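To keep things clear, I will list the structure first and then write my remarks on it.
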Amino acid sequence: MKYIDIHTHPFKEYYENPHDVVKQWYEDNMEKMFVVGTSREDSVELMQLCQKENYLHPIIGIHPTLAKGKDDGIFLESIINKDVIGIGEIGLDYHYDDSPNAEIQKESFRSQLEVAKKHNIVAMLHIRDALEDAFEIVTQKEYKDLKIVFHSFSGDAEYVRKCLPYPNIYFSISGVVTFKNAKSLQEAVKLIPVNRMFCETDTPYLAPTPMRGKPNISPYVMYTYKYIASLKEINEEEFIKQIRSNVKDVFGV
């Protein structure tokens, strides 16, 4: 079976030759991979990588811990092209004391949401210790037609219930759902309708059980698909088909 990973980072920072690496992953079991930016540098790098293979799709964005305010949106506008299928990973991260302050992060987040809105492409969010502030922003009327995906969704069932009335909000589930101690996330995933869901690796981070503790790779997304299909008591092949259909509907590829 072939799988889609909607969030991976095959960058020179982690691999000597990212192009060889993604070709190997594709051979293994991959159908498509969305290569997601976190900085100005890797957003430019990934656009060049994605030009080399038709199964790679670029998503560009500035991570909140690197936020510089509205300059981030201006930068993305300066490099975006017709191949870019989303803006991300963007959002809010209040976890670290040395990150830009909340106001700068929000300004950066909004400026990048505007780029996604202008180009009618998906906004892929990184939200850490900031779910309430993120909800307040993305549920504003001005974003009601913008497709929003929570990458490596970390909220609980209550948060899912709060988001479900907004049909433009989707949830991408990483290998974290397979961890023994992820009971809260597992309950949340049970509530998410399959047509509002995606699977991802966040390679090289968050390797799923049984690969936990190793560097993650896109082909390991298979374990997350299998786990969620079992958790939701659906046939794995049907689940893969549903995700493929979601990808077409939401990302257009």
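The values are calculated or read from the model by the stated rules, or taken from the named source; none is laboratory data. No experiment lies behind these values; they were computed from the predicted model shown. As a convention, Cβ positions derive from the backbone with ideal geometry for all residues, glycine included, and neighbour counts pool all protein chains shown. Keep in mind that these areas ignore ligands, DNA and RNA; they rest on the heavy atoms of the full protein, side chains included. Shrake-Rupley method; radii C 1.70, N 1.55, O 1.52, S 1.80 Å.
Backbone amide hydrogens, once placed in the peptide plane, bring residue 93 within less than 5 Å of 128, excluding anything fewer than 5 places away on its chain. With protein chains left intact and a 1.4 Å probe, residues in the chain average 45 Å² of accessible area per residue.
Over the residues of the chain, the helix contribution to mean residue ellipticity at 222 nm works out to -12000 deg cm²/dmol, using -39500 (n - 2.57) for each DSSP H run of at least 4. Among the GluC sites (Glu not before Pro) found in segment 24-111, those both in a DSSP coil and sparsely packed, with 15 or fewer other Cβ atoms within 10 Å of their Cβ, are 53. For segment 20-54, the list of trypsin sites (Lys or Arg not before Pro) that fall in a loop by DSSP and count at most 12 other C-beta atoms within 10 angstrom reads 52. With the simple spin-label model, which puts each label point 7 Å out from Cα in the Cβ direction, the residue 27 to residue 242 separation comes to 3.4 nm. Other residues whose C-beta falls under 9 angstrom from the C-beta of residue 94 contribute a net charge of -2, scoring Lys and Arg +1 and Asp and Glu -1. Along segment 120-134 the Karplus relation, 6.51 cos²θ - 1.76 cosθ + 1.60 evaluated at θ = phi - 60°, assigns HN-Hα couplings of 6, 10, 6, 9, 9, 9, 10, 10, 9, 6, 8, 4, 5, 4, 5 Hz to successive residues, with x for each Gly and Pro.
Karplus-derived 3J(HN,Hα) values for segment 241-250, using 6.51 cos²θ - 1.76 cosθ + 1.60 with θ = phi - 60°, are 4, 4, 5, 4, 5, 4, 4, 5, 5, 8 Hz; glycine and proline are entered as x. Rounded if a/c is under 1.5, else prolate if a/b beats b/c, else oblate: with a ≥ b ≥ c from the C-alpha gyration tensor eigenvalues square-rooted, which is segment 36-93? Verdict is prolate for segment 36-93. 3J(HN,Hα) couplings calculated from phi for segment 73-80 with the Karplus curve 6.51 cos²θ - 1.76 cosθ + 1.60 (θ = phi - 60°) are, in sequence order, x, 4, 4, 4, 4, 6, 10, 4 Hz; Gly and Pro show x.
With 0.36 nm allotted per residue and the present C-alpha distance subtracted, the residue 117-residue 132 stretch has 3.2 nm of extension available. Put simply, the amide H of residue 201, placed in the peptide plane, has neighbours under 5 Å in 6, 7, leaving out anything fewer than 5 places away on its chain. Using 0.36 nm per residue and subtracting the Cα-Cα separation, the extra length available between residue 54 and residue 180 on full extension is 41.7 nm.
Placing a pseudo-label 7 Å from each Cα along the Cα-to-Cβ vector at residue 81 and residue 14 gives an inter-label distance of 2.4 nm. The spacing between segment 29-80 and segment 121-175, judged by their C-alpha centroids, is 20 Å.
P(r) tail, segment 157-253: Cα-Cα pairs separated by more than 17 Å, 50% of all pairs. Given a 1.4 Å probe and every protein chain left where it sits, what share in percent of the accessible area of the chain is carbon and sulfur? The C+S portion of the solvent-accessible surface of the chain is 49 percent. Extension gain, residue 101 to residue 230: 0.36 nm times the residue separation minus the Cα-Cα distance gives 42.4 nm.
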